[in-house]
1. What number goes with the only condition from (1) closer than 19 Å to F55 by Cβ; (2) hydroxyl-bearing (S, T, Y); (3) over 16 Å from the mean Cα position of the chain (by Cα) that T170 does not pass?
2. Output yes when any residue across region 34-57 is hydroxyl-bearing (S, T, Y), more than 14 Å from the ligand (Cβ to nearest atom) and under 14 Å from the mean Cα position of the chain (by Cα), and no when none is.
3. Go through region 74-94 and count every residue that is surrounded by fewer than 19 Cβ atoms within 10 Å (Cβ to Cβ) and either touching a Phe, Trp or Tyr at 6+ places or on another chain (Cβ under 6 Å) or of a type in the set (A, V, I, L, M, F, W, C) (or both).
4. Criterion first (buried (at least 18 other Cβ atoms within 10 Å of the Cβ) and not polar (S, T, N, Q)) does E40 satisfy it?
5. Need at least 1 residues that are in contact with a helix residue (DSSP H, G or I) (Cβ under 6 Å, 6 or more places away or on another chain) per element, so show me which strands (runs of 3 or more DSSP E) inside region 102-212 make the cut, counting only ones lying wholly within it.
6. So I98 fits all but one of (1) in a helix (DSSP H, G or I); (2) of a type in the set (A, V, I, L, M); (3) under 19 Å from the mean Cα position of the chain (by Cα); (4) farther than 23 Å from E145 by Cα; what number is the exception?
7. State whether the residues of region 144-157 include one that is among the hydroxyl-bearing types (S, T, Y) and more than 19 Å from the chain's Cα centre (by Cα).
Amino acid sequence: CRVLGLPTGSTPVALYKEAIAGVRRGELDFSAVHTFNLDEYLGLPPEHPQSYRRFMAENLFNHVNIKAENIDFLSGLPAGIAAECARYEKAIQALGGIDLQILGIGRDGHIGFNEPGTSLASRTHEATLTQETIADNQRFFGAGEEVPRWSLTMGVGTILDAREILLLATGASKAEAVAAMIEGPVSSLCTASALQLHAKVTIIIDAAAAAR
Ligand code: GLP
């Protein structure tokens with residue numbers, strides 16, 4: 001696998017720990033790997049403690065042999081939003097597309113920051129976070145520190161272009177979203193349900209997330 005699409009959140013942390021251990025054991029090699037992250041908060045510089053760029057540095061990039069120039073990220077402080085989104089789409093295309101897109105899922109069934117109501121054909125775009133998502137992500141921020149309300153995110157259409165998709169979900173709080181994704185109608189009200197349209201998706205869930 002050469003081009004990876006990567007998520008943030010608490011769910012993939014264990015996977016990133018395993019990846020780091022794999023590199024240390026000499027079983028994994030990131031020297032020829034390119035990465036694109038799913039999303040970034042608007043308004044946060046890359047070095048901000050709660051930026052997704054910083055999260056990825058601390059949880060994966062700083063501990064594996066990935067080349068700095070092979071890491072691409074949506075800017076939290078873009079000069080122009082439309083231009084930044086277009087740049088990202090082009091950069092993904094220029095590398096031949098994403099080989100493996102890894103995903104988590106929000107309690108409302110969002111993938112990336114594609115909240116309910118987002119077009120299933122959407123490309124990389126500016127997204128408004130729902131109150132529920134803001135509340136869920138508050139735990140990463142300090143008391144009195146506000147969660148950004150806007151982000152840039154790969155669109156559902158961007159995600160569906162990946163050749164292969166792996167979605168991870170754990171815990172009872174995800175059970176409803178997991179059921180809607182797998183057994184519900186394909187609907188923009190649960191953007192993860194669009195994965196039903198993709199030919200090569202693997203979903204790994206624990207018993208609690210599978211409860212529904
Ligand atoms: C955020 C991210 C998503 C992630 C979701 C769930 O909204 N933008 O990509 O899947 O949180 O996060 P967690 O794994 O912490 O439950």
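1. (3)
2. Narrowing region 34-57 to residues hydroxyl-bearing (S, T, Y): 35, 41, 51-52.
Adding the requirement that they be more than 14 Å from the ligand (Cβ to nearest atom) leaves 35.
Remaining after also requiring under 14 Å from the mean Cα position of the chain (by Cα): 35.
Among the residues of region 34-57, at least one is hydroxyl-bearing (S, T, Y), more than 14 Å from the ligand (Cβ to nearest atom) and under 14 Å from the mean Cα position of the chain (by Cα), which makes the answer yes.
3. 8
4. yes
5. 125-128, 164-169, 201-205
6. Status for I98: all satisfied but (1).
7. Looking for residues that are among the hydroxyl-bearing types (S, T, Y) and more than 19 Å from the chain's Cα centre (by Cα), one finds none in region 144-157, hence no.
Each value in this text was obtained by applying a stated rule to the coordinates, not by laboratory testing. Predicted, not measured: the structure shown is a model, and the values here were computed from it. FYI the Cβ positions are ideal-geometry reconstructions off the backbone, even for glycines, and counts take in every protein chain you see.
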